[in-house]
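A short worksheet on the structure shown next.
The values are calculated or read from the model by the stated rules, or taken from the named source; none is laboratory data. Bear in mind that the values here come from a model prediction, so they are computed numbers and not experimental data. Here Cβ is always computed from backbone atoms with ideal geometry, including for glycine, and neighbour counts include all displayed protein chains. Calculation scope for accessible area: heavy atoms of the full protein, side chains included, ligands and nucleic acids excluded. Shrake-Rupley method; radii C 1.70, N 1.55, O 1.52, S 1.80 Å.
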Amino acid sequence: MQQITPIAELRRNLGLTLEEFGKAIGIASKGNVSIIERSGRCSLEAAIAIEKLSNGSVDAAILNDGVRLAREAVHAPADTATPAPASSDTLSENVGEAA
């Protein structure tokens, strides 16, 4: 038995046909909406549209890796961020020490 994805559940709870749901999220093809429902994966644009349509109950990050990665980067701890480049004073000191 096939598991119902959050996308399929949302569409059914909203009482929308595949065509109506597709129109609401910017997908023209009923077949593509069906594929999205079964896979639980979609484009960034569709993922954001689904999250908005669901009032946030369906997280776009579970539907699209690009959304997930962007959100992880935004919420990464400060110690994992790329360090700021050294100031010119620090560089001068380091060059002088090497000589």
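Structure values in brief
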{"read-out": "Subset of the stretch 1-24 (residues that are among the basic types (Lys, Arg) and free of Cβ contacts under 8 Å to residues at least 12 places away in the same chain)", "value": "ARG12, LYS23"}
{"read-out": "One residue from LEU10, LEU18 being over 19 Å from ASN55 (Cβ atoms), modelled with pLDDT of 95 or more and open to solvent by less than 70 Å² (accessible area, probe 1.4 Å)", "value": "LEU18"}
{"read-out": "Of residues in the stretch 21-44 being out of contact with any Gly (no Cβ under 8 Å at 6 or more places or on another chain), part of a loop (DSSP other than H, G, I, E, B) and open to solvent by 40 Å² or more (accessible area, probe 1.4 Å), the one farthest from ARG68 (Cα to Cα)", "value": "GLY26"}
{"read-out": "Pairs where the first residue, in the stretch 28-48, is at positive phi and the second is aliphatic (A, V, I, L, M) and open to solvent by 60 Å² or more (accessible area, probe 1.4 Å), C-beta under 9 Å, 6+ apart", "value": "GLY40/ILE62"}
{"read-out": "Residue, modelled with the lowest pLDDT, within the stretch 45-76, restricted to residues that are open to solvent by 80 Å² or more (accessible area, probe 1.4 Å), of a type outside the set (Ser, Thr, Tyr) and not in a helix (DSSP H, G or I)", "value": "HIS75"}
